[in-house]
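Nothing in this text is a laboratory measurement; each read-out follows from the coordinates by a stated rule. Predicted, not measured: the structure shown is a model, and the values here were computed from it. Please note: Cβ atoms are built from the backbone with ideal geometry, for glycine as well, and neighbour counts cover all protein chains shown.
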């Protein structure tokens, strides 16, 4: 069936062609009429001219009309006249219309009134020429000739009639040829004037049709994969839900997200990312039915609507097929891409009766899948709504805190194990909640990284921590944690340099703590940034040592100033027997060999302190020595005593309710 728009344009083109043909036909008719008229007047003028020529040169024409023989002079003239090519006959006729003398072009004959010409009689009666143009049949008559009946008058009275027959066939051919050339030229001119714009209009119309089709296609499809887009997904989902309400049953919305897709773009480029997305799209199409819907919502998010299901088990089984298809290794040039996906499922009508509600439910299930470690399948649960509201509130709090710089820094003291002397603090960020409580970094930092706010937060922490440290006695240090995401979103070395310059803090009093996650990619850029920071005089610390897969391999790749043993070893100290002791002693010994200081985190009991005293650790940090507190709560007396040379004078302890009272001994 023809597209209505195509049919309409076809009609317009046919109409334009018909109009052009009518114009050409009309012009042809006018041209022919004009040529025929010109030919007629030329033919009649020629016949009348020849008739007058004969009348003027035959001196005894009145006598001949009366029946006399022409004189010798007149006969000689008449003989010459009939030899002229265009004149094929003439007649001398009396006033009654009787022909007295006739020439057929080859001979002159006396007719003596035996032939009567009514036209000649009428010309005599009217006293004026009668001229006609006729078509003949060769060889009797030319194809086209003219006849003039001319009254010959003497003293104003007719005396005889002269008829001249002139062959105008040749002139007619000339006129017709001229007409054809003129008509052809005019047709070409009209064709150019009308046809070229018509062709241009037709081409523009075709281009517009193609553009309109493309626009309509893009309005309902994803440009990269050709899958349905969000608009068409909503339409098809509305239709499926309408059918569901009539026939019963259920349908499943599978919300799919590629895990760590940004890393694919970073390592393989956007061409590699696009290839992965198109391949995933093709595989999803291959395992779905015609009645199912496969859509891409943008980025690395896909949705599959599975219709006509009877149970949750069917949806789960289908989800596993989707996962298997999408996660099969993908060959790109000489590389293999092993993608994983997170998948959330919402069922209709249980989890929603509108497209928007179902997509929201599936998205919440997907969020749970990501939160549970990715590469897994989760169904929507009602309590996920509350989690979403909490997430939205947390995101708003984060954005407001970044905008208004309303974060809070708490500082946890770090001590030398020998003598339990205070040597510095670690800055720990807190996010104030609406109810006045403080949200810990483990809760909001991952979200800040997802929202790409971590570079702004990190810059603020550095600035505030350095400023606070300048109020402390030298050489107390301040340690600041760096997120791996900060290195992806900004120039960390420039941020560090700016914070030091703004605060005036000596670089040797600043420690920056990183985790091995930052070094997993072994990026040349990251190594260069760390070297730049270390060259400033800032200490680089490997935090959470012992929790990764290959921590030891990084110790010789980069000259760290300090190793911080993860708190998990102290948490398991009292339950794991000698295993924790052995590992901690080994790490301390390793630090000694590599000339790196070793800090043990999470120290909370006197037994742990006693062990670390004997294990020859360098520094300790934990609730046993002090909880994190705001800068304003670090008692001024401690810092004052710290500056004075009283090696045995006790200072006021830094503690919170429930924490052990630990005295800080001043040191020079």
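General observations
- Expected 222 nm ellipticity per residue - DSSP helices of 4 or more, -39500 (n - 2.57), all of the chain, to 500: -16000 deg cm²/dmol
- Exposure proxy ranking, count of Cβ atoms within 10 Å, fewest first, for 275, 302, 379: 275, 379, 302
- Quarter of Cα convex hull surface for the range 191-323, i.e. mean projection, nm²: 12.0
- Likely footprinting exposure, 629, 541, fewest C-beta neighbours within 10 Å first: 629, 541
- Volume per residue of the C-alpha convex hull in the range 392-643, rounded to whole Å³: 138
- In terms of surrounding Cβ atoms within a 10 Å radius of their Cβ, 260, 410 rank from fewest to most as 260, 410.
- Mean projected area in nm² (Cα convex hull; one quarter of hull surface) for the range 281-386: 7.3
- If R0 is taken as 25 Å, the Cβ-Cβ distance between residue 115 and residue 173 corresponds to a FRET efficiency of 0.20.
- Rh (Kirkwood; distinct C-alpha pairs) - the range 26-172, Å: 15.6
- Whole-Å distance, taken between Cα centres, linking the range 112-144 and the range 306-336: 103
- Quotient of the Cα radius of gyration of the chain and 2.2 N^0.38 Å, N being its number of residues: 2.12.
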